[in-house]
Amino acid sequence: MPRNRFTEKLAKVLNSNPFKGFFKLNRLRPPGAVKEDIFMELCIRCARCIVVCPYGSIHRADVYEKLQIGTPYIFADKKACYLCMKCPPVCPTGALDPKLSSPENVRIGIAVINQETCLNYLYYEEEIEGVSKGYAQLCNTCNNVCPFTDEAIYMEKHILPVVTDKCTGCGICVEKCPTTPKSINVYPTGMGVKAQAGFYNRKQNFTGENTTEGTLHGDELIKQKQKINSYGAKPDFEYNLETYESRDEWQEQ
Amino acid sequence: MKIKTMRRTAQILTLAAIFIIPFMNVWELYFVKGTFYSMDIGNVAIADPLAVFQSMFASGKINAYMIASLIIPIALMIFFGRIWCSWFCPYYLFAEWVESLRRKLGFRDFRPEYTKTMPSRASRVRFLFLFLGLIVMGVIGVPVLNLISAPGIISSQALVVVKFGYVTFELAIVLVILFFELFYFRYWCRFFCPTGTFLSMFRWKRGMAVQKVRNDCSKCHSCIKSCPVIINPMTEGESLHCNNCGDCIDACQDNLNKQTIKFTFK
């Protein structure tokens, strides 16, 4: 059967349940939540997690969350989860894992820093270039407010915040980030993070080539992927070494 | 004392409880917590059987907590009939208020006349609706029948109002359902309510039911005229429709002289 853009879209809708699996940036499930599609099956919208949340972080989804209406959500940019771990044991159906009791094992998302707007990255850029654009202020907020300071977020070279895989996705850094729009965002578990996508994806972004991946299948797709090579792409090592063809001082006589 | 007085007291107390419980929870008293989908009293778990069944059915996962929370509502249902609907459900109270509002406004009587085929027709509609709802729920894989479960929505909206001071869209669903009560007599409870239909499947013949204990009554038919689910309480007390509200017992004039119709356990 010939494939075109329309059949691709149709297949995308039919191959996955179109009624669940919606993700949005900074919109998280309560801690201990099972995988999103199983969560939607198990959650009976009883609102007990909302009841016990002492900070009022968990909200009941409204109509603009489609069929998820009534299910619990944490909107990290408004009020984050403070990992008090009161909600997992009260869930009657196991949509929140009742055995989860330690906050460091929570994985409801992962924070990703936008290096183009983060004040520290901008500061560092100015410092290197030696030209001020008016961003010269240092901000340590995300590192300071993180419940796992120097584990989930650490400061590289004492200035650049970097998120590690110990990030629980609680979203406190998002709530407190002083920039607008937020320079740090939490991707809920299950939502694809472009910054962490594989090499194929990165190459696509890097070269901007329009791939035909969407319409290829099976062997054709494998062939297409095999064509990719990294020849000519500059490796992004931490300390780039510049190699010189010749050096004045060391010319062999 | 009239049964209706007791019933109204229970209803008003339930209505008060759905606001008091979240208020207590805001003060971090978690002895009673939850909504009418699922509620904890101390360590005793109670849940809406349909809600739990849906989540079992959709996910294929069963845990001990789910089973434990089913015990009390189903035991109540088996021994006392569908008293949840008429004695506690907040939506039933609102529907009764809408009916009396209609009477006060002077609209003409819109109560359908009882005929013998009425209960079986109603049965067909409500079980078909529940069945279709469960099929839709199975296909989508989301417990969607909870979106039209009126008591759960009302109590969870009360919680949201007390805790956050706003309401969500689900309240509109209940208001729309309630609005049509003005035109169709108790249509939601009689034909559609999935929670009530699912509960009535657990009716046990030897549980509490209305029964005529005397053969010779004056045949005034006032019990039939007062029945909110349009059945004949004299013969169909064990019907799946009966929710043991006791309106027929209050309406019976013979009861003043000699016990004619009353709740019995067999």
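How large is Rg over Rh for segment B:164-243, taking Rg from the Cα atoms and Rh as the Kirkwood inverse mean of 1/r across Cα pairs?
Ratio of gyration radius to Kirkwood radius for segment B:164-243: 1.11.
In nanometres, what is the gap between the two model label sites at B:R214 and B:E113, each 7 Å from Cα along Cα-to-Cβ?
Distance between the two pseudo-spin positions: 2.9 nm.
Each residue of segment A:4-21 in turn: what ³J(HN,Hα) in whole Hz from Karplus with 6.51, -1.76, 1.60 and θ = phi - 60°, glycine and Pro shown as x?
9, 5, 5, 5, 4, 5, 4, 5, 5, 5, 6, 6, 10, 4, x, 9, 9, x
Per-residue counts of other Cβ atoms within 10 Å, averaged by peptide: what ranking do you get for A:166-177, B:123-134, highest first?
A:166-177, B:123-134
Give me the number: length gained by fully extending A:K133 to A:D150, i.e. 0.36 nm times residue separation minus the C-alpha to C-alpha distance, one decimal in nm.
Gain on stretching A:K133 to A:D150: 3.2 nm.
Work out the charge dipole of chain B with +1 on the Cβ of Lys and Arg and -1 on the Cβ of Asp and Glu about the Cα centre, then indicate which of B:S156, B:S226, B:V52 is farthest towards its positive end.
So the residue furthest toward the plus end is B:S226.
A 23 angstrom limit on the alpha carbon distance is what I want to check against. Which of B:K116/B:K212; B:K116/B:K205; A:K99/A:K194; A:K99/A:K176; A:K24/A:K194 exceed it?
Exceeds cut-off: A:K99/A:K194; A:K99/A:K176.
In whole angstrom, and with the biggest value first, how far do the Cα coordinates of the protein assembly as shown range along each principal axis?
132, 60, 45
Determine, from the Cβ-Cβ distance of B:V139 and B:L182 and an R0 of 45 Å, the FRET efficiency 1/(1 + (r/R0)^6), rounded to the nearest 0.05.
Step by step, r from the Cβ atoms, then E = 0.85.
Order these peptides, B:39-48, A:67-76, A:83-92, B:61-70, by their mean beta-carbon neighbour count within 10 angstrom, highest first. Numbers along the way, then the final one.
Values: B:39-48: 17.8, A:67-76: 23.3, A:83-92: 20.0, B:61-70: 16.2.
Taking the mean over residues of other Cβ atoms within 10 Å, the ranking is A:67-76, A:83-92, B:39-48, B:61-70.
For segment A:17-196, report the % of Cα-Cα distances exceeding 26 Å.
When every Cα pair of segment A:17-196 is considered, 32 percent fall beyond 26 Å.
I'd like to know how segment B:3-204 sits against the 2.2 N^0.38 Å rule of thumb: what's its Cα Rg over that expected value?
1.05
Compute the FRET efficiency between B:V167 and A:S102 as 1/(1 + (r/R0)^6), taking r as their Cβ-Cβ distance and R0 = 45 Å, and round to the nearest 0.05.
0.80
Please compute the length gained on full extension between A:L221 and A:L14, using 0.36 nm multiplied by the number of residues separating them and subtracting their Cα-Cα distance.
Additional length available on full extension: 72.4 nm.
Please compute, for peptide A:47-60, the average count of beta-carbon atoms on other protein chains lying within 10 Å of each residue's beta-carbon.
Values: counts 14, 11, 0, 9, 16, 6, 2, 3, 0, 3, 0, 1, 5, 11.
Average per residue, whole number: 6.
On full extension of the chain, what length is gained from B:R121 through B:F19, given 0.36 nm per residue of separation minus the C-alpha to C-alpha distance? Each step should come with its number before you reach the end.
Values: separation 102, 0.36 × 102 = 36.72 nm, distance 3.74 nm.
That works out to 33.0 nm of additional length.
Tell me the angle of helix B:150-164 to the major Cα principal axis of chain B, expressed in degrees between 0 and 90 and rounded to the nearest ten.
It works out to around 40 degrees.
Taking 8 Å as the Cα distance limit and 6 or more residues as the minimum spacing, I'd like the relative contact order of chain B as a percentage.
The value is 25 percent.
Summarise the partner chain shielding of B:143-151 as one whole number: the mean count of Cβ atoms from other chains within 10 Å of each residue's Cβ.
What the average comes to for B:143-151 is 3.
Run the helix sum for chain B: -39,500 (n - 2.57) per DSSP H stretch of 4+ residues, divided by residue count, reported at 222 nm to the nearest 500 deg cm²/dmol.
Calculated at 222 nm, the ellipticity per residue is -16000 deg cm²/dmol.
Calculate the mean, over all residues of peptide B:23-36, of how many other protein chain Cβ atoms lie within 10 angstrom of the residue's Cβ.
So the per-residue partner count for this stretch is 3.
Suppose every K and R has +1 on its Cβ and every D and E has -1 on its Cβ; what is the size of the dipole of chain B about the Cα centre, in Debye to the nearest 20?
Computed about the Cα centre, the dipole is about 840 debye.
Using a Förster radius of 30 Å, what is the FRET efficiency between A:L160 and A:N229 based on their Cβ-Cβ separation? Nearest 0.05, please.
It comes to 0.45.
Taking the Cα centre as origin and putting +1 on Lys and Arg beta-carbons and -1 on Asp and Glu beta-carbons, what dipole magnitude results for the protein assembly as shown, to the nearest 20 debye? Walk me through the intermediate numbers first.
Numbers: 60 positive and 45 negative charges, 827 e Å.
The dipole of the protein assembly as shown has a size of about 3980 debye.
Provide the per-residue ³J(HN,Hα) series for segment A:22-30, in order, calculated from phi with Karplus coefficients 6.51, -1.76, 1.60 and θ = phi - 60°, each as a whole number of Hz, with x at glycine and proline positions.
Karplus values, whole Hz, x for Gly and Pro: 9, 10, 9, 4, 6, 10, 10, 7, x.
Residue-wise, which Karplus ³J(HN,Hα) couplings in Hz belong to segment B:96-108, taking 6.51 cos²θ - 1.76 cosθ + 1.60, θ = phi - 60°, and x for glycine or proline?
Result, ordered by residue: 5, 5, 4, 5, 6, 4, 4, 5, 5, 6, x, 5, 6 Hz.
For chain B, take the longest principal axis of its alpha carbons; what is the angle in degrees between that and the long axis of helix B:49-59, to the nearest 10 within 0 to 90?
Taking Cα atoms only, the helix is inclined about 40 degrees.
Apply the Debye scattering formula to segment B:1-113, with a single equal point scatterer on each alpha-carbon and no solvent, then give log10 I(q)/I(0) at q = 0.23 Å⁻¹.
Cα-only, vacuum Debye calculation for segment B:1-113: -1.32.
Divide, for segment A:28-100, the radius of gyration over alpha carbons by 2.2 N^0.38 Å, where N is the residue count.
Working it through for segment A:28-100, the quotient is 0.98.
Around A:Y154, which amide H atoms from residues at least 5 apart in sequence, or from another chain, sit under 5 Å from its own amide H, with H modelled in the peptide plane?
Amide H to amide H, under 5 Å and 5 or more residues apart or across chains, A:Y154 pairs with A:V162, A:T164.
Take the alpha carbon atoms of segment B:1-66, find their center, do the same for segment B:107-155, and report the distance between the two centers in whole angstrom.
Going from one Cα centre to the other spans 21 Å.
For B:F265, tell me the accessible area in Å² from a 1.4 Å probe, rounded to the nearest 10.
The accessible area of B:F265 comes to roughly 120 Å².
For the pair B:R206 and A:N4, how long in nm is the line joining their label points, each one 7 Å along Cα→Cβ?
Reported label-point gap for B:R206 and A:N4 is 7.0 nm.
The values are calculated or read from the model by the stated rules, or taken from the named source; none is laboratory data. Because the structure is a prediction, the values reported are computed rather than measured. Here Cβ is always computed from backbone atoms with ideal geometry, including for glycine, and neighbour counts include all displayed protein chains. Note: areas computed on protein heavy atoms with side chains; ligands, DNA, RNA excluded. Shrake-Rupley method; radii C 1.70, N 1.55, O 1.52, S 1.80 Å.
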